[in-house]
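The values are calculated or read from the model by the stated rules, or taken from the named source; none is laboratory data. Keep in mind it's a predicted model, so treat the numbers as computed, not measured. All Cβ positions, even for glycine, are placed from backbone atoms using ideal geometry, and neighbour counts span all protein chains on display.
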């Protein structure tokens, strides 16, 4: 996501020498939520959190304009949270009601910047998968973004979905597919095609991420 004003993006915050501020940002939706509802509009990032509005609100300067000259001297004592008091903190996009309920209990005081982007994985089944005759594959795609594409991820990223340092399971649609590896050509092709057909209900364009229905398969006569 890029700032409209590049000279302000990623600058040092006036509120803390240790926190970075990105201002004049805009989201078309599908990235943040406000009180559990998908948020569309301007926002800015202060440290690890996103807030409504293009920039942080300077309470000291604003109040001074209505006649309190002494407040300017105490302005540097205001915390980042206080300077953003007229803007609301943005949360994640909620896929399930329990996610919203949990974060509401926490007063939405949960960083939205601790998630990672998916790292593409080149599928290569292990020997154990061939011994079992099938494997499990994992796919994600950013929601509500026509320019996004399906990404296959490894089991490690799948296990960390929604967790700190993992992929945001609200921002990304995700599904797994049981992939047939051993059997006759027709059996493997039919089962994998069916598995992908079911997965299309969650990620409609998943077929574009697969080379063939028999990818990496080992064929038998029966």
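Taking residue 144, is it under 24 Å from residue 27 (Cβ atoms), modelled with pLDDT under 95, surrounded by fewer than 13 Cβ atoms within 10 Å (Cβ to Cβ) and outside the structural domain of residue 36 (by TED's automatic domain parsing)? Answer is no for this residue. The set of residues in region 140-159 being free of Cβ contacts under 8 Å to residues at least 24 places away in the same chain and either part of a helix (DSSP H, G or I) or within 24 Å of residue 125 (Cβ to Cβ) (or both) consists of 155, 156, 158, 159.
Per-residue answers, yes or no, for (1) surrounded by fewer than 16 Cβ atoms within 10 Å (Cβ to Cβ); (2) modelled with pLDDT of 50 or more:
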position: 8; (1), (2): no, no
position: 11; (1), (2): yes, no
position: 15; (1), (2): no, no
position: 20; (1), (2): yes, yes
position: 28; (1), (2): yes, yes
position: 40; (1), (2): yes, yes
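Of all residues in region 179-198, exactly one satisfies the criterion of being within 14 Å of residue 138 (Cα to Cα) and exposed (fewer than 15 other Cβ atoms within 10 Å of the Cβ), namely 198. Among the residues of this structure, residue 170 counts as one that is assigned to a loop (DSSP other than H, G, I, E, B), at pLDDT below 85 and surrounded by 11 or more Cβ atoms within 10 Å (Cβ to Cβ).
Could you tell me whether region 179-193 includes any residue that is outside any strand (DSSP E or B), over 22 Å from residue 27 (Cα atoms) and touching a residue at least 40 places away in the same chain (Cβ under 8 Å)? Within region 179-193, one or more residues are outside any strand (DSSP E or B), over 22 Å from residue 27 (Cα atoms) and touching a residue at least 40 places away in the same chain (Cβ under 8 Å).
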